[in-house]
Amino acid sequence: MSAENIKKIQNEKLVKQVRYVYDNVEYYRRLMDEKGVKPDDIKGTEDLHKLPFVKKDDLREAYPYGLLATDIKNCVRIHSTSGTTGKRVVAFYTQNDVDMWEECCARAIVAAGGDKHDVCQVSYGYGLFTGGAGLHGGSHRVGCLTLPMSSGNTDRQIQFMMDLNATLLCCTPSYAAYIGETLKEKGIKPEDNKLKAGIFGAEPWTEEMRRNIENSLGIKAYDIYGLTEISGPGVAFECEEQSGMHINEDHFIAEIINPDTGEVLPLGSKGELVFTSLDKEAFPLLRYRTRDICILSREKCSCGRTFVKMTKPMGRSDDMMIIRGVNVFPSQIETVLLNCGYAPNYQIIVDRVNNTDTFDVHVEMREEDFSDIPNGITQREKQLQSAMKTMLGINPRVRLVAPKSIARSEGKAVRVIDKRKLID
């Protein structure tokens, strides 16, 4: 489709969607009224900049039903991310929303060479996490034989992969790398499996990691992008060119803005990615700030697709980290510490060892709590670790350290040390 026809579709859908949101979501109506914008002011994508941004703080403030645009009886599912202060982002879906999302994931599978003759092993987590459900639905839409494995139990993963001749693998890149390592340990060579492609997302990964996965599994490794707030994986996907991800522009409008000023930047500029949903019925977000930093491009693609491409995210405009596919904010750590009676003096240390993220949290004890009795400290570390797992959904290694032992820079502790090499 030509860029002109894509824009025509976006214009028609945007006008309708803005009116729908204004009429059905009081929270949005207030934001638009505060900015002096009415639905009639939006004639097409050229007026998109007039609309207010929506941020994660808005989602927390409106939790759980404040951004719901339809009666709850019309919703068939929710998905959720971890929350920064205990309040999670809850995204609602009507059946039409699910159908659209699965179509987007089906496009990603087809772009990776999948069709109805394939056996698609879905090893993303199922449940509230969007990864498993999205690729599962996309695999059904394509007509693949779908193996709903979820994550973990690697021996069983490999057994089914080999016995059922899986040809497509969908999971996080770190888990794909781990499967490759385990296959090697078992003496199974890349040419012994039937895999031809993998669709990997939910966490940052480098081109070096892509090459390692491709070599260890004997496949082509494709990137996929999405976020729960917009729908889940499949918002954008890589094609055979593997040079950026095509955004499904008939369902989403992408903008790049200056993260400091909110100014819309031209194509080719590096800035913060902003998405507007064009079809969502239950949880439609207009101008949602993803905080992901990337570049958009309309350079001609050899695959023939004309959708705009986005680069891999190059960083964040906030302090969020993605660890083992889970969004983690320092403020979540602070909340746990305060709830457990500790001062918020801590340091998060993230690294990647053997293609798997490590996650350590060092917490300073208060002077009155400091003790050199190992058993007491170990017990408190276990209690903190359990509380953090409940908040975050993943298990950090917690270490209690002596008061004032975390180095300060200009009086402030360095909260996050991320040793991972996430960009080549």
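Details
- In the chain, the calculated helix contribution to ellipticity at 222 nm averages -10000 deg cm²/dmol per residue, counting -39,500 (n - 2.57) for every DSSP H run with n ≥ 4.
- Entries in 7/300; 56/419; 56/280; 16/270; 184/419 that, when Cα-Cα distance is taken, lie over 21 Å: 56/419; 16/270; 184/419
- Largest accessible area first, the residues 246, 136, 49 order themselves as 49, 136, 246 under a 1.4 Å probe with ligands, DNA and RNA left out.
- Dipole of the chain, positive end: most advanced residue of 407, 154, 315 [Cβ charges, Cα centre]: 154
- Filtered trypsin sites (Lys or Arg not before Pro), the stretch 18-56: DSSP coil and at most 15 other beta carbons within 10 Å: 43, 55
- Look at the alpha carbon pairs under 8 Å that are at least 6 residues apart: their mean separation over the length of the chain gives a relative contact order of 14 percent.
- Size descriptors for the chain, from the alpha-carbon set: Rg then Dmax equal 22.4, 71 Å.
- Listed values for the stretch 66-75 are Karplus-derived 3J(HN,Hα) couplings in whole Hz (6.51 cos²θ - 1.76 cosθ + 1.60, θ = phi - 60°), namely x, 10, 6, 9, 9, 5, 4, 5, 8, 8, and x replaces Gly and Pro.
- In the stretch 268-424, Rg over Rh equals 1.09, where Rg is the alpha-carbon radius of gyration and Rh the Kirkwood radius from pairwise Cα distances.
- Across the stretch 180-253, the relative contact order, built from alpha-carbon pairs under 8 Å that are at least six residues apart, equals 23 percent.
- Antiparallel %, DSSP beta bridges [both residues in the chain], to 5: 65 percent
- Loop-located trypsin sites (Lys or Arg not before Pro) across the stretch 356-404 with a Cβ neighbour count of 14 or fewer within 10 Å are 366, 404, with loop assigned by DSSP.
- Across the accessible surface of the stretch 117-159, with the other protein chains kept in place and a 1.4 Å probe, carbon and sulfur atoms take up 54 percent.
- Long-range HN-HN contacts of residue 401 with modeled amide H, under 5 Å: 363, 364, 365
- Normalised per residue, the volume of the convex hull around the Cα set of the stretch 142-301 (Å³): 138 Å³
- Derived scalar couplings ³J(HN,Hα) [the stretch 15-24; Karplus, 6.51 cos²θ - 1.76 cosθ + 1.60; whole Hz; x for Gly, Pro]: 4, 5, 5, 4, 4, 4, 5, 4, 6, 10
- For the stretch 1-116, with all protein chains in place and a probe radius of 1.4 Å, 48% of the accessible heavy-atom surface sits on carbon or sulfur.
- Within the chain, the cysteines lacking any other cysteine Cβ closer than 4.7 Å to their own Cβ are 75, 104, 105, 170, 171, 294, 301, 340.
- For the stretch 18-111, the alpha carbon convex hull comes to 137 Å³ per residue, rounded to a whole number.
- For the stretch 240-317, convex hull volume per residue from C-alpha positions, Å³: 92 Å³
- Fraction of C-alpha pairs exceeding 16 angstrom in the stretch 74-185: 62 percent, rounded to a whole number.
- Length added when fully stretched, residue 165-residue 34, from 0.36 nm per residue minus Cα-Cα: 41.4 nm
- Heavy-atom accessible surface of the chain, averaged per residue, reaches 44 Å², computed with a 1.4 Å probe.
The values are calculated or read from the model by the stated rules, or taken from the named source; none is laboratory data. Quick caveat: nothing in here was measured; it's all calculated off a predicted structure. Methodologically, a virtual Cβ is constructed for each residue, glycine included, from the backbone with ideal geometry; neighbour enumeration extends over all protein chains shown. The protein model used for the area step is the full one, side chains on, heavy atoms only, and it has no ligands, DNA or RNA in it. Shrake-Rupley method; radii C 1.70, N 1.55, O 1.52, S 1.80 Å.
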